Structure formats: C-alpha cells, structure tokens
C-alpha cells in the first residue's frame, strides 16, 4: 500500500516553506501517477498494490484511481487530533465507494479513561457501519512515547502495548480486517504482536513507515517477514515526502518527481517480497 492520506504534515510543511496549501493536491496527483508507473513495472503491484488517499486534498485523485480499478481507501478521522474525532459528520459520507476505510487512533494506557472509552465507542460505531456496508476496516494504531528509553520502547515497550491494545480490542469485539501498526526491529517484539493479532483468525497487519529511512524500515521488514499475520506494508512519507517537497519548491520537475516516487515505492515492494520469499 502506498499511503498518501497525510494532511496536517503537509500543511505544516507548506506553512514553514511559504507554499500555498492548495498545492498539496498537486503532490497527491503525482502519487497516483507514480503508482500507475509502478503498476506498469511490477506484477506484485498489479496484483496486490493499493492506495490510501484523503478527501481533503485528493478527492479527484481518488475518483480517478477508482476509475482505473485501483483499490483505494480514505481516512475518516480528523487529522492530528486526540481523542478520535470524525473528519466529517456523518463519517460515512467519506467512505462510500471506497475499497476500505481507514481510521487512526493514538494510544497510551495511562491516558484518561473517558478519552480512551470515547475512542473505543467511536471505533465500534465505525466498525458497525463497515460491517453493514461490507467495507473492510483498517485500524491504524500509534503508540505515543512518553519518556521511555528509546531502545527499550522500540524493542519491548511499544510491541507490548500494541499487543495489549489488540487483545483489548478483541475483548470488545473490535476486529478490523487490517491492523496498520508501527514496526519493530525486534523479532521478539514482532512475534508478540503477531501472536496477539492471531488470537482472531481474520485480521492481518501492515507495517507503517513513520517517515523513516530505508535502513530502519528494512529492519522492521526483517523482524516481521514470515509471520502469519503480516500481509505487507503501508508506507507514505518515506516514499514521497522528499521528492514531493523538492517538486513544490521548484527543485524537481513533475516527471522526475513521479519517477522518484515510483522507484522508492518499488524498492520497498521488492524488499518486502524478497524477505517474504526467503522467510521460513
């Protein structure tokens, strides 16, 4: 999955660089062009590729992607907000016609119970609608760091919190089709997450990118490859942010930006497929 539903990240970048925010839509269009180029070059993308786009800056791009039979979904959450709020009311106004629905939630176990309970209620409301409409639900979880040692948090703390959150979701009968979660370089941590996901037979997981560099993402792929629940990745900023920023600043042409995004995406596709093929 090439994920390009980012909104507040681009808004902050535009304000910092004195670029009009309406130009964010230009990058979204180039992401679709890059995906099409990658699809022409890769059997894996033709079979398994998908896009995640937003209605705020990419509604027209989404329509074009759907017309080309590309699996495409959109977020329903208000960007950058905790606790969870819908981008629009009713939330399903953003979702009909999508191949899947995505929602992002932030989490810490010590946050106020009222905030956490409110998020659970909204997630269950969204799941009920998705089940009625027969649209797969993708739940993205971001575990916020709160002063922990970086190494311990990445290798043990975050995986343990993710596993606990997934088990709590299942206890509440929140069972999405896909968990979109943060990777870990720890095989032990990846196994713990996989074990929690597999307590229900249906869900799979996608590894998100967090804007990280290729070496960090490669270590997450190494840890997760071959695990039963891992279906691939959903990566965005690590693919398009640098070439897209250069384009908006006039440092790179549209064609060169498209080509760079396509190649970075294919590098991750090929890297993941190679690890999956080699995994026991």
Discussion item. Against the conditions (1) in contact with a strand residue (DSSP E or B) (Cβ under 9 Å, 6 or more places away or on another chain); (2) within 26 Å of residue 133 (Cα to Cα); (3) surrounded by fewer than 19 Cβ atoms within 10 Å (Cβ to Cβ), where does residue 89 fall short? Just the number, please.
Written reply: (1)
Discussion item. Just checking, does region 15-38 include any residue being under 18 Å from the mean Cα position of the chain (by Cα), buried (at least 20 other Cβ atoms within 10 Å of the Cβ) and more than 27 Å from residue 251 (Cα to Cα)?
Written reply: no
Worksheet item: Out of (1) under 19 Å from residue 251 (Cβ atoms); (2) at pLDDT below 95, what's the single condition that is false for residue 59?
Response: (1)
Worksheet item: Which members of region 1-12 meet the condition of being surrounded by fewer than 19 Cβ atoms within 10 Å (Cβ to Cβ) and either out of contact with any helix residue (DSSP H, G or I) (no Cβ under 8 Å at 6 or more places or on another chain) or over 19 Å from residue 75 (Cα atoms) (or both)?
Response: 8, 12
Discussion item. Just to be sure I understand, how many residues within region 18-50 are in contact (Cβ under 8 Å) with a residue 40 or more places away in the chain and over 19 Å from residue 238 (Cα atoms)?
Written reply: 6
Item to complete: From 159, 136, grab the single residue that is modelled with pLDDT of 95 or more, surrounded by 20 or more Cβ atoms within 10 Å (Cβ to Cβ) and on the phi < 0 side of the Ramachandran plot.
Response: 159
Worksheet entry | Check on residue 74, touching a residue at least 40 places away in the same chain (Cβ under 8 Å), in contact with a helix residue (DSSP H, G or I) (Cβ under 8 Å, 6 or more places away or on another chain) and crowded, with 21+ Cβ neighbours inside 10 Å | yes
Worksheet item: Would you call residue 116 assigned to a loop (DSSP other than H, G, I, E, B) and either under 23 Å from residue 7 (Cα atoms) or at pLDDT below 95 (or both)?
Response: no
Worksheet entry | Residue, nearest to residue 131 (Cα to Cα), within region 181-192, restricted to residues that are touching a strand residue (DSSP E or B) at 6+ places or on another chain (Cβ under 7 Å) and buried (at least 23 other Cβ atoms within 10 Å of the Cβ) | 181
Practice prompt. Could you pull out every one of the helices (runs of 4 or more DSSP H) wholly within region 162-280 that has 1 or more residues that are modelled with pLDDT of 95 or more and under 28 Å from residue 120 (Cα atoms)?
Written response: 187-197, 214-224, 237-248
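The values are calculated or read from the model by the stated rules, or taken from the named source; none is laboratory data. Small disclaimer: the values here were computed from a predicted structure and weren't measured. Cβ: placed from backbone, ideal geometry, glycine included. Neighbour counts: every protein chain shown.
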